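Have a look at the structure below, then the notes.
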Amino acid sequence: MTATDTTASTLLVAIDISKHRHEVLIGVPGKKRRRRLTITNTLDDFRRLAAILVDYGLPVRIGFEATGNYHRPLAHHLG
């Protein structure tokens, strides 16, 4: 059996959840610097984040640092 590293071609996203805004860190394969952005807990910003992630054209793996239930609307939208 051959081992393969699927994370090498995967966009890694970490999201720190809070009540009013979320801090997003995007790790692009092959790049040392990570992209940071802040989105508010609104549908417009959820759509903006989804569009940014789609523009990379890579599979995406997202990890949440959830606070209470505030992650649910964003997780539902991105799912």
Query raised in the report: Is it the case that ARG47 is charged (D, E, K, R), in a helix (DSSP H, G or I) and out of contact with any strand residue (DSSP E or B) (no Cβ under 6 Å at 6 or more places or on another chain)?
Result: yes
Query - Hey, ARG61 modelled with pLDDT of 95 or more, assigned to a strand (DSSP E or B) and either in contact with a helix residue (DSSP H, G or I) (Cβ under 6 Å, 6 or more places away or on another chain) or not β-branched (Val, Ile, Thr) (or both) or not - result: yes
Query raised in the report: Are there any pairs, at least 6 apart or on different chains, whose C-beta atoms fall under 9 Å, with the first in the stretch 24-44 and within 19 Å of LEU74 (Cβ to Cβ) and touching a residue at least 24 places away in the same chain (Cβ under 8 Å) and the second in a strand (DSSP E or B) and among the small types (Gly, Ala, Ser), and if so, which?
Result: VAL24/ALA14; ILE26/ALA14
Query - Enumeration of residues in the stretch 33-64 that are acidic (Asp, Glu) and surrounded by 13 or more Cβ atoms within 10 Å (Cβ to Cβ) - result: ASP45
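Going by what's in this entry, would THR67 be described as modelled with pLDDT of 95 or more, loosely packed, with under 13 Cβ neighbours inside 10 Å, hydroxyl-bearing (Ser, Thr, Tyr) and touching a strand residue (DSSP E or B) at 6+ places or on another chain (Cβ under 6 Å)?
Against the criterion (modelled with pLDDT of 95 or more, loosely packed, with under 13 Cβ neighbours inside 10 Å, hydroxyl-bearing (Ser, Thr, Tyr) and touching a strand residue (DSSP E or B) at 6+ places or on another chain (Cβ under 6 Å)), THR67 does not qualify.
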**Report entry** Hey, THR10 exposed (fewer than 14 other Cβ atoms within 10 Å of the Cβ) and polar (S, T, N, Q) or not
**Finding:** no
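The values are calculated or read from the model by the stated rules, or taken from the named source; none is laboratory data. Remember, predicted model here, so these are calculated numbers, not experimental data. A quick note on method: Cβ atoms are made from the backbone with ideal geometry, for glycine too, and the neighbour counts reach across all protein chains shown.
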